[in-house]
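A.B. asks: Starting off with a structure, shown below.
Derivation of every value follows stated rules applied to the coordinates shown; laboratory data play no part. Since the model is a prediction, treat every value here as computed from it, not as a measurement. Virtual Cβ from ideal backbone geometry, glycine too; neighbours counted across all protein chains shown.
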Amino acid sequence: MAPANPPTQCEIFQVAHNTISKLKDIGFDAYLFGSTACTLYGVKRTPGDVDIVIVTEGYDDEYIKRKLAREYEEYFLRPSTQPGKTYRKLYHKLQPAVNGEARECKVDILLPGTMEIPRIEASLIQWRYPPQKSRFARRLPAMPIEALLLLKLKGWVDHRKSKRPDFRNVKQPNDV
């Protein structure tokens, strides 16, 4: 179910920039993938969250999420809502809605190898500007389009075959 006041496209890119900057501050290089990176390449749909790949060896994604939440007050963690899952979801606080309602943006932190995400050499990372309508003018690092397209195609196939109705009915059309 989508939040009542989802992040705007500009907020998505602000969270992406903030997260990548904070990760750099604590010693991790990162780049965007998923729908956030797709938007940098011209896809019109506003992403619902920020998807980031960390370029690291020797640390796991849970450690990195905990470190961000511990070091920076704009981040917080929530347990997974899936039964039996022990991972935590990372969120970035946003400005409250006009009615004072708290708002947030989910930030997915993944490592190469997870979901078959390839290891990308730093020289292949693409630095791209968000679309003008986002009003966010800083360049952001993105997965090369060839790898991104292959991952999106894989996601589409996986979501089409999924037993989960939310994957088939929501995610699979978004993948297209």
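A.B. asks: Quick check: convex hull over the Cα atoms of segment 26-79, volume per residue in Å³, rounded to an integer?
C.D. replies: 103
A.B. asks: Can you tell me the order of 142-151, 40-49 when each peptide is scored by its average per-residue count of other Cβ atoms within 10 angstrom, highest first?
C.D. replies: 142-151, 40-49
A.B. asks: To continue, here is another question. Karplus couplings for segment 35-46 from phi (6.51 cos²θ - 1.76 cosθ + 1.60, θ = phi - 60°), rounded to Hz, Gly and Pro as x?
C.D. replies: Values, residue by residue: 5, 5, 5, 4, 5, 5, 9, x, 5, 7, 5, 6 Hz.
A.B. asks: Looking at the P(r) of segment 1-158, how many percent of alpha-carbon pairs lie beyond 23 Å?
C.D. replies: Within segment 1-158, distances greater than 23 Å cover 36 percent of Cα pairs.
A.B. asks: Pairs on different chains or at least eight residues apart, Cα atoms closer than 22 Å: how many lysine pairs in segment 36-110 fit?
C.D. replies: Value for segment 36-110: 12.
A.B. asks: Same structure again: I'd like to know which of Q14, Y75, A102 lies farthest towards the positive end of the charge dipole of the chain, counting +1 on Cβ of Lys and Arg and -1 on Cβ of Asp and Glu.
C.D. replies: A102
A.B. asks: Magnitude of the Cβ-charge dipole of the chain, K/R +1 and D/E -1, about the Cα centre, nearest 20 debye?
C.D. replies: Value, rounded to 20: 540 debye.
A.B. asks: Calculate one ³J(HN,Hα) per residue across segment 97-106 by plugging θ = phi - 60° into the Karplus curve 6.51 cos²θ - 1.76 cosθ + 1.60, and present them in order as whole Hz with x for glycine and proline.
C.D. replies: Calculated HN-Hα couplings, in order: 5, 3, 7, x, 5, 5, 10, 7, 10, 6 Hz.
A.B. asks: Based on the mean of other Cβ atoms within 10 Å per residue, sort peptides 72-85, 16-29 so the most packed one is first.
C.D. replies: 16-29, 72-85
A.B. asks: Sticking with this one: With runs of 4+ DSSP H residues as the only contributors, calculate the mean residue ellipticity of the chain at 222 nm using -39,500 (n - 2.57) per run, divided by the residue total and rounded to the nearest 500.
C.D. replies: On the way: 5 runs with 56 residues, N = 176.
Result for the chain, helices only: -9500 deg cm²/dmol.
A.B. asks: Rounded if a/c is under 1.5, else prolate if a/b beats b/c, else oblate: with a ≥ b ≥ c from the C-alpha gyration tensor eigenvalues square-rooted, which is segment 72-142? Walk me through the numbers on the way to the answer.
C.D. replies: On the way: a/c = 2.82, a/b = 1.10, b/c = 2.56.
It comes out oblate by the Cα gyration axes.
A.B. asks: Pick out the long, greasy-scoring helices in the chain: whole DSSP H runs spanning 20 Å or more along their own axis by Cα, mean Kyte-Doolittle at least -1.0.
C.D. replies: Long hydrophobic helices here: 9-25, 145-161.
A.B. asks: Moving to a separate point now. Build a GNM of the chain with springs between Cα atoms under 10 Å: which of E116, E62, E104 gets the top mean-square fluctuation?
C.D. replies: It is E116.
A.B. asks: Which value, in Å³ per residue, describes the convex hull spanned by the Cα atoms of segment 1-90?
C.D. replies: Convex hull volume per residue, Cα atoms: 118 Å³.
A.B. asks: Here's another thing I want to ask about it. Taking amide H atoms as placed 1.01 Å from N in the peptide plane, list the residues 5 or more away in sequence, or in a different chain, whose amide H sits under 5 Å from that of D29.
C.D. replies: V55
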